[in-house]
Amino acid sequence: MSFTATSTDLWESRFGIEPPFSLGVEEELLLVDPDNQLADHSARIVREADPAQGDVDRELFKAMVESKSEISANVREAISALSEIRRELVDSGIRIMGVGTHPAAPSGEADVHQTPRYSLIEDSLQGLLRTPICGQHIHVGMPDAETAVRAYNGIRVHIPLLNAFAANSPFWFGEDSGLASSRTVIFRSYPRAAMPPQFDDFEHFCRVTRQVCTAGGLEDYTHIWWDARIHPGIGTIEFRAADTQFDLRRTAALSALVHCLTRLEAERDQSDIPAREALAESSFQATRHGLEAELLNRRGGLVPARDLGRECLAEAATVAGELDCEEELAHVETILEEGCGADLQRRVHRQHGMAGLLAYLVRESARLGVEGLATQTEKSG
């Protein structure tokens, strides 16, 4: 069972239904053909998926799927479920790509699923739906609404840094975008896709989100696509700001960092959080420059992303034992040394061109699904 809303009223609090600080991880994956171009396979994949291997569902575009872990006690369990789903897809002959955007797909090439929800989104967004974008979402179970609001307010401080770690979409429409995460910029063109606001309490959250839904004619708050959000219908807070990764070890490292930071923020005084507008600007710097950015820290100062990353990593390590994710969290240091996914993509592109990059992304996305999490990613130079 994954974190899935069952209540007809998503504002109804289901906090505490699952163990506190349990974990769920989701990743959106692109589907490609033998030439590594987008392929509309998702309907067949969802129909043929083995439920015993985890939860696979269609997404907005026909050329992508979303895989979901079980409700897990730790990162290892969650990533193992995602690994098994990748394994099943690859073993069935499906070519997958774990990346924020397809580096070379032309604008407007991909088709949208005509479900009631997705048809509503397509009608609303019109020409903004230029290409599929893929993100990694991390759910952390909350014991009660008060803790959820406190943890949510606090995790917002870390969104710029997590943007930098996760940036994995430097190319769009066949060209280098000049950004570390073109997915984030495309997503920002959608309504309600923004740095999340701070809330005073759970009632404040309910009041604001109901007003937004009324203003937009939306069915519920799941159409509000902030980088992090309180999700009372399934009893979690959800971090949504990361690009999908081709290397599942990086997926695990990001999940561990979010898990630990959420645990810390659940008990931290939130009176020192920088303004939403400042966090949004810092997030753009991460989107533009990745781990080469200078980012806002909690004290309002500007520091290199890698320095901030090591500071947050040291803090996260204090609860990694409690959450049983020491090994996965340690791989954050590897990301700091090697660079984010955007850095790796650019290195491959410089050496092998676009065709070589597409082949690399498909190969590396399949490698960990087939050979297990211990496999070392092939060095890109």
Response to the item:
Length gained, Glu311-Tyr190, 0.36 nm per residue minus C-alpha separation, equals 40.3 nm
Discussion item. 5 Å is the cut-off here: which amide hydrogens, built 1.01 Å from N in the peptide plane, fall below it relative to Trp172, excluding neighbours closer than 5 in sequence?
Written reply: Ser177
Worksheet, complete the sentence: Checked region 182-262 with the C-alpha gyration tensor, a ≥ b ≥ c its square-rooted eigenvalues, rounded below a/c of 1.5, otherwise prolate if a/b is larger than b/c and oblate if not; verdict oblate
Worksheet, complete the sentence: Full extension between Glu277 and Asp57 adds, at 0.36 nm per residue less the Cα distance, a length in nm of 75.7 nm
Item to complete: Just subtract the alpha-carbon distance of His204 and Ser92 from 0.36 nm times their residue separation and send over the number in nm, one decimal.
Response: 35.6 nm
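Every read-out reported here was derived from the displayed coordinates using simple, explicitly stated rules and does not represent laboratory data. Just so it is clear, the structure is predicted and the values come from calculations on it, not from any experiment.
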